[in-house]
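Step one of this worksheet: look at the structure below.
The values are calculated or read from the model by the stated rules, or taken from the named source; none is laboratory data. These figures come from a predicted structure and were not determined experimentally. No Cβ is skipped: glycine too gets one built from the backbone with ideal geometry, and neighbour counts run over all protein chains shown.
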Amino acid sequence: MINRLVLGIRNRGPVVSEVLLQLDGVGHAYDDRRALHEFSLTLHRGQRVAILGPNGAGKSTLFKVLSGLLEPQLGKMKYNGQVVAVGDPSFRARCGVVFQSASLDDLLSPIENLIVSGGFYGKSGPGLFERATKLLQMMGLDDRKNDKVGQLSGGLRRRVELARSLVHEPELLLLDEPTTGLDELQYRRFWDDLDRLRQEEGISVLLVTHRPDEAERCDQLIFLNEGEIVASGSPDELKARATDSVVRVLTSAVGSVCQFVEELGISPEVRGNRMTFSTPSGHGLIPRLVESVPTGSVQSIEVRAPDLGDVFVAVTGRALEVE
């Protein structure tokens, strides 16, 4: 297991050396259930780091620690070299947070939500109004800024959440499953908005997610499983660990295909009439597979390179299930 790592940008953007956030040996348990064990990382200014893991991996507990809502039982968290205590106002003023659950006031408009939030951080007057207006314009919400939030779609509400998290000009943005419930178009728009804001304002990002495609947008990744770091590196470094092709079969003869695959010493994942497995043979296996099952029983076969989700399964034996 990896108990300590120092993360730095590799092959993506300029080299950044200033330490912004550091966790050292953080551990936490609920009664006799261990949620986090010796979790350590160092995040540098300007960096994007993702924590990737399934349900029960310890992500929720970790995010509570990161956002200053939970005091860990073991270890420390430091920001700019200073130990962070629960509720530390100076830390919270430097961080923007997008929680998994919606936290906007549905009875207020987007501009009102941003102004109220800015007031919590001591912002006021024309400067706050200009900042809020600018953020909503950048996210394509200028024509909806005076509508009640409760009237907006899920995708628009999520963009308001992102704007609100940045209204006080934080250095670090903490994201907890930020695209939960969004369709593909809304998902892409959310990340387009965030990437544009990052480029303009130089914000550091720490993302907690179960989505491999979301994690791949970051400079560095940490695989979290059962409260422990089990792997880390850049997306390319992690994907290089999995050299086998991934084969997905849609078939009406699941039993026959399963028997063929298992005779090759491969353990497939079966969901209904879909079967997924990894093999070094790749495309070369397809003719043999088709010949071994009843004629016409295979509707489709897809062969692709492994993604981060496949690597996670290879490392942990556990799938990143949809949340």
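Points worth noting:
- Residue within the range 172-186 that is within 15 Å of the chain's Cα centre (by Cα), modelled with pLDDT under 90, on the phi < 0 side of the Ramachandran plot and among the hydrophobic types (A, V, I, L, M, F, W, C) present: yes
- Matching entry among 107, 114 (being modelled with pLDDT of 95 or more, in the same structural domain as residue 197 (by the TED database), touching a Lys or Arg at 6+ places or on another chain (Cβ under 7 Å) and part of a loop (DSSP other than H, G, I, E, B)): 107
- Annotation note: of 185, 136, 162, 141, the sole residue that is of a type in the set (A, V, I, L, M, F, W, C) and either touching a Ser or Thr at 6+ places or on another chain (Cβ under 9 Å) or in contact (Cβ under 8 Å) with a residue 40 or more places away in the chain (or both) is 162.
- On inspection, residue 295 qualifies as β-branched (Val, Ile, Thr), surrounded by fewer than 16 Cβ atoms within 10 Å (Cβ to Cβ), out of contact with any Ser or Thr (no Cβ under 8 Å at 6 or more places or on another chain) and not assigned by the TED database to the domain that holds residue 213.
- Within the range 137-150, if we keep just the residues that are within 20 Å of residue 98 (Cα to Cα) and either touching an Asp or Glu at 6+ places or on another chain (Cβ under 6 Å) or at pLDDT below 95 (or both), the residue that is surrounded by the most Cβ atoms within 10 Å (Cβ to Cβ) turns out to be 139.
- For the range 267-280, the criterion of being assigned to a loop (DSSP other than H, G, I, E, B) and within 27 Å of residue 188 (Cα to Cα) is met by none of the residues.
- Note on the range 26-76: residues that are farther than 21 Å from residue 234 by Cα, polar (S, T, N, Q) and in a loop (DSSP other than H, G, I, E, B) total 3.
- Those residues of the range 238-266 which are assigned to a loop (DSSP other than H, G, I, E, B) and either aliphatic (A, V, I, L, M) or in contact with an Asp or Glu (Cβ under 9 Å, 6 or more places away or on another chain) (or both), in sequence order: 240, 242, 244, 253, 264, 266
- The residues of the range 165-182 that are of a type outside the set (A, V, I, L, M) and in contact (Cβ under 8 Å) with a residue 60 or more places away in the chain, listed by number, are 165, 168, 170, 171, 176, 177, 178, 180.
- Residue that is surrounded by the most Cβ atoms within 10 Å (Cβ to Cβ), among those in the range 177-216 that are assigned to a helix (DSSP H, G or I) and out of contact with any helix residue (DSSP H, G or I) (no Cβ under 9 Å at 6 or more places or on another chain): 198
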